[in-house]
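Below is one structure, written out as structure tokens, with a few remarks after it.
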Amino acid sequence: MEKRKSFYITTPIYYPSDNLHIGHAYTTVAADCMARFKRMQGYDVFYLTGTDEHGQKIERAAREKGMEPIEYIDGIVANIKKLWQTLLISNTDFIRTTEPRQKEVVQKIFNRVYEQGDIILSEYEGWYCSPCETFFTERQLAEGKCPDCGRDVEMLKEESYFFKMSKYAPRLLEHIENNPDFIQPESRRNEVVNFIKSGLEDLCVSRTTFQWGIPVPFNQLHVVYVWFDALINYLTGVGYLQDDELFSRYWPADVHLMAKDIIRFHAIIWPIMLMALDLPLPKKVMAHGWIMLEGGKMSKSKGNVIDPSILVDKYGVDAVRYYLIKELSFGQDGIYSEEILVSRINSDLANDLGNLISRTAAMIIRYFQGTIPAAESSTDLDLQIKEAAQLAFSEATEKLEKLDFSNYLHATSRLVSRANKYIDETAPWQLAKDPAHTERLATVMYNLIETIRIVLILTAPAMPTLMTRANQQLGLWEDCTKVTWDEAGIWGATRSGTNISKGAALFPRVDIKTLEEGPSGATVQAETTTANEAPACEQTTEPEYISIEDFARLDLRVAEVIACEKMKKADKLLILTLKVGEEERTVVSGIAQHYTPEEMVGKKVVLLANLKPTKLRGVMSHGMILAASDDKYVDVLTVTKDIASGERVK
């Protein structure tokens, strides 16, 4: 039997000072997406995550609650494991730094590096940030506070062991230069290079002022400092010094995935530790941005963290994972908003993907008694949908290989949009009216179900339950767990003659009113100022801005005018019949003095689709078309490119 190629991916091990939030969930879901993708490609995947449980901060938090550190963290770790189960994280192993296997490996490594002269005993005096478990020099502080988290620091002086980082700096710079993909994205690589060139100081790798840690093997007064302990988990997890076969199978790691605030530890300290051990370096260290709330980064101390478990309970695991993966662009920060999450569910998942599957199933049931027909002919439109599917497969594969998760999902979304446009172009409901067009109708139905098959494969790493849920209706596979990634690159694999059935909506629309109670899982406090506390300054008129969340609430759609007439006894009003995807709407617009009904028919306009319906002169108007105007003219906003009705305007 041929040996499968291996793939080893890790998240950072999370610090269990409290329950995790949606920022941690992003890292773990993104890594899981990559692990699932690689498994579908046939790789032997090892996916490691876990918890970093030592350090002064844990010890202090436990003491404040009158608990032993291990007792304090056991409950939090249990919640973390439960969260990963809720998010369907498919990790191979979960490592805790308090486990005996980690203690054994850390002590052996510490002893080896000490004996070869790369760790020395000295005295340290510097500014220490307890939350970050990091020492800083005076010049590294930001206005007297921690440069990473902005919190207060304290001056500490103690005897410590130091790791000779500077010895390996030239070798590390050479490796980064010779391997441009080693640190991603490029902005983080430049940051790391500049930091190294500014001069590396020896790293404090032991502490004596607390006991909660792994003892230095030859000096029990010291415990191993948290970063020298924590980073070693990536070796322990795959059997270093304990299981030679396992270690040789997976090391070096293919990807260390983390948030940008810990890139220096993983791209400087960790590679130098591995150099001291004469071990191969990981192939890639990838730092993603933060998921931000309006007003800044999420923080447990600020009480503004978002609990992903609550979101999954409300919206389902596939929807939450989809939002996380699509919302954070490659290497950039993203904004969390429950309104944007709901907008993504309603537009991308319910309106576009869910509706595509539902419409296709309904038409096959209606026109072919629920049996998938065979393709009988081919036209340019059929060739275009096939080419779109092949392009989506190619782009999705390329983006995932680069860990560009957001654009991977954008590639699949474009295929969904193209399929919906294909429905509009082929108009199956018109073909069904004439028996002479039965073969053409069969081809259209087959092409749609084939496109859906490919979409379901491409989205499987991001939304792990969707394929199975959809397959219960469509019957495309006997065993979804055996579907491979490359099957999405093959056109024509759907078996004709398969029976399908109509099922419940895969992504039910969410009523925006459910958000009126405030963000899920977040504690929101409003700052109030009484009249007596108001600043004594002249009042000025400030521009009133809206947020991206406000804009996301507007459901703007391309709509085609298929009929138009003047409203009787109303000189200014036209009654427009609009085609919005498969839906038809009536909209009353006050443009009759600027446009004739004949001029409007055939135009593609921009519709505000979620405007509250209102009755005008006895006619119910479902939305509003957009127009620009001044004292003389009214100009209806139109779409000039060949964009299908129903597409979202962003």
Inset, instruction - Mind counting the residues in segment 1-45 that are more than 19 Å from the chain's Cα centre (by Cα) and over 18 Å from L88 (Cβ atoms)? - result: 17
Inset, instruction - Report yes if M624 is closer than 16 Å to R648 by Cα and either touching a Cys at 6+ places or on another chain (Cβ under 7 Å) or modelled with pLDDT of 90 or more (or both), otherwise no. - result: yes
Inset, instruction - Specify which of the listed residues (K568, K513, K572) is at pLDDT below 90, surrounded by fewer than 18 Cβ atoms within 10 Å (Cβ to Cβ), under 31 Å from the mean Cα position of the chain (by Cα) and not aliphatic (A, V, I, L, M). - result: K513
Legend entry - Residues of segment 229-252 classified as farther than 15 Å from L279 by Cβ and hydrophobic (A, V, I, L, M, F, W, C), total: 1
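For every residue, the table says whether it meets (1) surrounded by fewer than 18 Cβ atoms within 10 Å (Cβ to Cβ); (2) modelled with pLDDT of 95 or more; (3) not assigned by TED's automatic domain parsing to the domain that holds L400.
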{"site": "L20", "(1), (2), (3)": "no, no, yes"}
{"site": "A25", "(1), (2), (3)": "no, no, yes"}
{"site": "V29", "(1), (2), (3)": "no, yes, yes"}
{"site": "A35", "(1), (2), (3)": "no, yes, yes"}
{"site": "G42", "(1), (2), (3)": "yes, yes, yes"}
{"site": "Y47", "(1), (2), (3)": "no, yes, yes"}
{"site": "K57", "(1), (2), (3)": "no, no, yes"}
{"site": "N79", "(1), (2), (3)": "yes, no, yes"}
{"site": "Q85", "(1), (2), (3)": "yes, yes, yes"}
Legend entry - Checking D118 against (1) touching a helix residue (DSSP H, G or I) at 6+ places or on another chain (Cβ under 8 Å); (2) among the acidic types (D, E); (3) more than 21 Å from L241 (Cβ to Cβ), the condition it does not meet: (3)
Inset, instruction - Pick out, from segment 309-383, the helices (runs of 4 or more DSSP H) lying fully within it that include 3 or more residues that are modelled with pLDDT of 95 or more. - result: 317-327, 355-368
Inset, instruction - Tell me which residues, restricted to segment 581-590, are surrounded by 20 or more Cβ atoms within 10 Å (Cβ to Cβ) and touching a Leu at 6+ places or on another chain (Cβ under 7 Å). - result: V587, V588, S589
Legend entry - Subset of segment 417-431 (residues that are buried (at least 18 other Cβ atoms within 10 Å of the Cβ) and touching a residue at least 40 places away in the same chain (Cβ under 8 Å)): S417, A419, N420, K421, Y422, I423, T426, P428
Inset, instruction - Taking L200 as the residue in question, decide whether it is part of a loop (DSSP other than H, G, I, E, B) and not small (G, A, S). - result: yes
Legend entry - Residue within segment 257-266 that is outside any helix (DSSP H, G or I) and at pLDDT 95 or above present: yes
Inset, instruction - Would you check which residues across segment 567-584 are closer than 22 Å to A628 by Cβ and without any contact (Cβ under 8 Å) to a residue 40 or more places away in the chain and list them? - result: D571, K572, L574
Inset, instruction - Under 6 Å between Cβ atoms, at least 6 apart or on separate chains: pull out the pairs that start in segment 99-119 with a residue that is in contact (Cβ under 8 Å) with a residue 40 or more places away in the chain and end on any residue that is crowded, with 16+ Cβ neighbours inside 10 Å and part of a helix (DSSP H, G or I). - result: R101/T236; Q102/T236; V105/T236; V106/D229; V113/A276; D118/A276; I119/V113
Legend entry - Residue tally, condition touching a strand residue (DSSP E or B) at 6+ places or on another chain (Cβ under 7 Å) and surrounded by 17 or more Cβ atoms within 10 Å (Cβ to Cβ), over segment 229-250: 7
Inset, instruction - State whether one or more residues within segment 123-132 are farther than 18 Å from L200 by Cα and either in a helix (DSSP H, G or I) or basic (K, R) (or both). - result: no
Inset, instruction - Determine whether segment 592-615 contains at least one residue that is touching a helix residue (DSSP H, G or I) at 6+ places or on another chain (Cβ under 9 Å), closer than 23 Å to N351 by Cα, modelled with pLDDT under 80 and not hydrophobic (A, V, I, L, M, F, W, C). - result: no
Inset, instruction - Filter segment 171-192 down to the residues that are assigned to a helix (DSSP H, G or I) and among the aliphatic types (A, V, I, L, M), then identify the one that is nearest to Q332 (Cα to Cα). - result: V192
Legend entry - Residues within segment 606-642 that are without any contact (Cβ under 8 Å) to a residue 40 or more places away in the chain and either on the phi > 0 side of the Ramachandran plot or small (G, A, S) (or both), tallied: 5
Inset, instruction - Pick out the one residue from M273, M286 that is surrounded by 23 or more Cβ atoms within 10 Å (Cβ to Cβ), farther than 20 Å from A31 by Cβ and touching a residue at least 12 places away in the same chain (Cβ under 8 Å). - result: M273
Inset, instruction - Run S122 past the list (1) under 27 Å from R36 (Cβ atoms); (2) surrounded by fewer than 19 Cβ atoms within 10 Å (Cβ to Cβ); (3) hydroxyl-bearing (S, T, Y) and report the number of the one that doesn't hold. - result: (1)
Inset, instruction - Only strands (runs of 3 or more DSSP E) wholly contained in segment 5-121 count here; list those with 2 or more residues that are closer than 26 Å to Y336 by Cα. - result: 6-14, 44-51
Inset, instruction - Give the number of residues within segment 321-372 that are surrounded by fewer than 21 Cβ atoms within 10 Å (Cβ to Cβ), in contact with a Pro (Cβ under 7 Å, 6 or more places away or on another chain) and within 26 Å of T86 (Cβ to Cβ). - result: 1
Inset, instruction - Could you please let me know if Q85 is out of contact with any Ser or Thr (no Cβ under 7 Å at 6 or more places or on another chain) and under 22 Å from V45 (Cα atoms)? - result: yes
Inset, instruction - Out of the residues in segment 380-401 that are farther than 19 Å from I452 by Cα and free of Cβ contacts under 8 Å to residues at least 60 places away in the same chain, state the one that is surrounded by the most Cβ atoms within 10 Å (Cβ to Cβ). - result: K399
Legend entry - Check on I120, in contact with a strand residue (DSSP E or B) (Cβ under 7 Å, 6 or more places away or on another chain), of a type in the set (A, V, I, L, M, F, W, C) and modelled with pLDDT of 95 or more: yes
Inset, instruction - Could you pull out the residue among R453, R414 that is of a type in the set (D, E, K, R), in contact (Cβ under 8 Å) with a residue 40 or more places away in the chain and within 27 Å of L88 (Cβ to Cβ)? - result: R453
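The values are calculated or read from the model by the stated rules, or taken from the named source; none is laboratory data. The shown structure was predicted, so the numbers you read here are calculated from the model rather than taken from an experiment. Heads up, the Cβs are rebuilt from the backbone with ideal geometry, glycines too, and the neighbour counts pull from every protein chain shown.
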